[in-house]
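All remarks here apply to the structure that follows.
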Amino acid sequence: MVVGFEKAVSATKSVVTSAKKAPTTLSSDRVINFARGDPTMYESYWRQMGEKCTIVISGHNLMSYFSNAGHFCWFLMPELDRAIRRLHCVVGNAVVDDDRYIVVGNGSTQLFQAVLYALSSSYDPDTEPLSVVAAAPFYSSYPEETDFLRSGLYKWAGDAYSFDKDGAYIEVVTSPNNPDGAIREAVVNRDGGKLIHDLAYYWPQYTPITGKADNDIMLFTFSKATGHAGSRIGWAIVKDIEVATKMVKFMELSSIGVSKESQLRAAKILEVISDDCQNSAPDKEENFFEYGQRLMSDRWEKLREVVKRNGVFSLPKYPQDYCNFIGKYTDPSPAFAWLKSKDGLNCDNLLRELKIVTRGGTNFGVDSNYTRISMLSPDEDFNLLLEKLSAIKGTIINGNN
């Protein structure tokens, strides 16, 4: 859950450093929020695309509830179905053969709820709720999303590493992981388990594409793939038609489908990306994923240099791997920086003293000496983040934990 300003934990005022802070400037007095994963950094790319992604919808268009009444997912626009399958084939990050079923949702958050319902509804209702786990550090919204409806079918059971309960369970595998960017596999690996693979960040701008994911249930989101968070489009790729049909039933009862306008916009943008990726002209401009990979790589290089200089924090190191899409070895550039305080201090509180709002480690099931920083902000905010982090130098010797 995003931590708002009004709920911000007050930083302890007893932080003592062995170095001086940089002189206060007008820009350093501004509060910047890096707790959210709002992907607005892509706006400049889409602005330069001009009218290529424009669609026109007349007043008499798209009036019916139904997109394809004979299809199991009756609210899925055929244009979006084709665009999703084509893009995954172009990028090579997921299997989308004809025996895979696409379910569209209002963002991957709604799809997550739909999957939980689909996987748990077949179990005996007289037994206790199905346990839902994920390996820490896990996405901070999983616990709240799981328990929000207070369902009798399932409940949040915490860290997969410490889960030792017998019987059926659901494990959520996020890869690359949010918040730390690590490539993940299932942890529990016991009989009776069902897996949900959240692959929101398995795109070339964030990580090398090493092969086509082929899991039973895979969740993707338009917001992290292209930056269009406001359209509220996500999709699931599902192997089992029974699971997919139950997901559709959940969507039907919770929102009676998904906006056709949003689906057509998403389809148009995905098709433009695919067209650009397949453009073999010698004078072609960089495609969206090349642009994103270059921008993310540059941001990570700058952040690592600042963190190295101030000596207060540390960042994870990621192994380089061959990206099938880019056609060369690339470094992972996760959508979030998983920052750790070297002296064990409350990292979130420390950054709030610099008027940097982040999401602390306890939200992700780990200690407070970690915090998550979004790497997806506009250039102005990201540059101000670097400026503020550069204001801390030396070693913190008395803390705020």
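The values are calculated or read from the model by the stated rules, or taken from the named source; none is laboratory data. As the structure is a prediction and not an experimental result, all values here were calculated from the model. Quick reminder, even Gly has a Cβ in these numbers, built from the backbone with ideal geometry, and neighbours come from all protein chains shown. Note: accessible area is taken over every heavy atom of the protein model, side chains too, but ligands, DNA and RNA are not part of it. Shrake-Rupley method; radii C 1.70, N 1.55, O 1.52, S 1.80 Å.
Overview of values
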read-out	value
Rounded tilt (10° steps) of 288-310 against the dominant C-alpha axis of the chain	20 degrees
FRET efficiency for residue 390 and residue 30, using Cβ-Cβ distance with R0 set to 25 Å, rounded to 0.05	0.95
Selection from 322, 310, 335, by position along the positive dipole direction of the range 289-339 (Cβ)	310
Extreme residue, positive dipole direction of the range 76-274, given options 215, 270, 255 (C-beta unit charges)	270
Paramagnetic reach from residue 241 (point 7 Å along Cα→Cβ, amide N under 16 Å) across the range 73-102	73-74, 97-102
Net length gained if the chain between residue 71 and residue 280 were fully extended (0.36 nm per residue, minus Cα distance)	71.7 nm
Theoretical FRET efficiency, 1/(1+(r/R0)^6), r = Cβ-Cβ of residue 153 and residue 62, R0 35 Å, to 0.05	0.55
Relative packing of peptides 75-86, 153-164 - highest average C-beta neighbours within 10 Å first	75-86, 153-164
Surface accessible to a 1.4 Å probe, per residue, for the residues of the chain, Å²	45 Å²
Among 362, 207, 226, residue whose mean-square fluctuation peaks in a GNM of the chain (springs only between Cα atoms under 10 Å)	362
Lys/Arg +1, Asp/Glu -1 at C-beta; the chain dipole; positive extreme among 363, 139, 33	33
Tilt relative to the chain, helix 260-277 - C-alpha long axis, 0 to 90 degrees, to 10	70 degrees
Peptide ranges 364-376, 268-280 listed from the most packed, as the mean C-beta count within 10 angstrom indicates	364-376, 268-280
Assigned charges on the beta-carbon of Lys, Arg, Asp, Glu; the chain dipole about Cα centre (debye)	1300 debye
Computed magnitude of the charge dipole of the range 76-274 (debye, nearest 20; Cβ of K, R +1, Cβ of D, E -1)	780 debye
Per-pair calculated FRET efficiency, R0 = 22 Å: residue 306 and residue 183 via Cβ, rounded to 0.05	0.30
Residue 343-residue 53 pseudo-label distance in nm [points 7 Å out on the Cα-to-Cβ vector]	4.4 nm
C-alpha long axis of helix 107-120 to longest principal axis of the chain, angle in °	60 degrees
Centroid-to-centroid separation of the range 129-179 and the range 46-82 [C-alpha atoms, Å]	34 Å
Estimated translational D of the range 223-312 in µm²/s (Stokes, Kirkwood radius over Cα pairs; 20 °C; 1.002 mPa s)	128 µm²/s
Per residue Cα convex hull volume in Å³ - calculated over the range 82-168	137 Å³
Cα→Cβ-extended label distance, 7 Å offset, between residue 128 and residue 362, nm	2.6 nm
Greater than 25 Å apart at Cα, pairs in 224/302; 302/342; 165/224	165/224
Mean ellipticity per residue at 222 nm, deg cm²/dmol - from DSSP H runs of n ≥ 4 across the chain, formula -39500 (n - 2.57)	-9500 deg cm²/dmol
